[in-house]
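Where a number appears in this text, it was derived from the coordinates with a stated rule and is not lab data. Quick caveat, the model's predicted, so the values are computed rather than measured. Backbone-built Cβ (ideal geometry, glycine too); neighbour counts: all protein chains shown.
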Amino acid sequence: MPKLPKLVLTDIDGVWTDGGMYYDANGSELKKFNTYDSAGVLFCRALNIPVGILTGEITNMVQRRAEKLNIEYLFQGAKDKVAIATKLCKELNITLDEVAYVGDDLNDIHLLKAVGFSAVPVSAPSYIQDIADVVLTKKGGEGVFREFVEYILEENNVLASTVAQVTLIEQ
């Protein structure tokens, strides 16, 4: 059973999105985010667990999504996710063992192996699934981040109380 993490980190493409990149006639890139994932952020906030995004892409869309959800840490253009996570852990005075991470692809392998608890969406390649602690039931873009956070909270018997707390805050 995973214990409550002191930091939750997430990839974006293939986790919060379906991994697709949409281009309009003018060449603008678009991404579709699932609003269900915002509840995962709310649950973490209710428990005072900071959230961080680590993504290899650099886009205004991810910046805007992070700002809208008041996500504490955003690292775009992340080439070495383990180095970034290690540095952040030092700043927060925690270890990688106290971090939970959800990712889905090649650039996530090392961090999935390094953290205390890792998960991947069911749409991740099988060789990525093999290294994760848990394979979630949702595909990328279907609310994977929320499922990830809910899984951790359920395993720690705090999901119901956290849902009740968020419900009170949001009214």
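For the cross-link pairs K68/K113; K3/K113; K31/K113; K79/K139; K81/K113, which exceed 20 Å when the distance is taken from alpha carbon to alpha carbon? Distance filter (> 20 Å) returns K68/K113; K31/K113; K79/K139. Proximity of backbone amide H atoms, modeled 1.01 Å from N, is registered between L7 and A100 at under 5 Å, excluding neighbours fewer than 5 places apart on the same chain.
With a/c under 1.5 counting as rounded, go ahead and sort region 18-87 into rounded, prolate or oblate using the C-alpha gyration tensor (a ≥ b ≥ c being the square roots of the eigenvalues; past the cut-off, prolate if a/b is larger than b/c, else oblate). Since a/c reaches 1.5 but b/c is at least a/b, the shape of region 18-87 is classed as oblate.
DSSP loop (so not H, G, I, E, B), at most 10 other Cβ within 10 Å: list which trypsin sites (Lys or Arg not before Pro) in region 4-82 pass both filters.
On the way: sites: K6, K31, K32, R45, R64, R65, K68, K79, K81; in loops: K6, K31, K32, K79.
Passing sites in region 4-82 are K79.
The Cα atoms of region 76-171 give a gyration tensor whose axes a ≥ b ≥ c have a/c of 1.5 or more with a/b no greater than b/c, which makes the shape oblate.
Give the calculated FRET efficiency between S126 and Y23 to the nearest 0.05, with a Förster radius of 25 Å applied to their Cβ-Cβ distance.
0.30
Given axes a ≥ b ≥ c from the Cα gyration tensor, I'd like to know whether region 7-170 is rounded (a/c under 1.5), prolate (a/b larger than b/c) or oblate.
Details: a/c = 1.37, a/b = 1.18, b/c = 1.16.
Rounded shape, in that the Cα axes give a/c under 1.5.
Rounded to the nearest 20, the Cβ-based charge dipole of the chain about its Cα centre (Lys and Arg +1, Asp and Glu -1) stands at 340 debye.
Looking at region 7-170 alone, DSSP beta bridges between its own residues are antiparallel in about 10 percent of cases.
For n ≥ 4 DSSP H runs only, could you compute -39500 (n - 2.57) per run for the chain, divide by its residues and tell me the 222 nm figure to the nearest 500? Could you put the intermediate results ahead of the total?
Numbers: 7 runs with 65 residues, N = 171.
Estimated from H runs of four or more residues: -11000 deg cm²/dmol.
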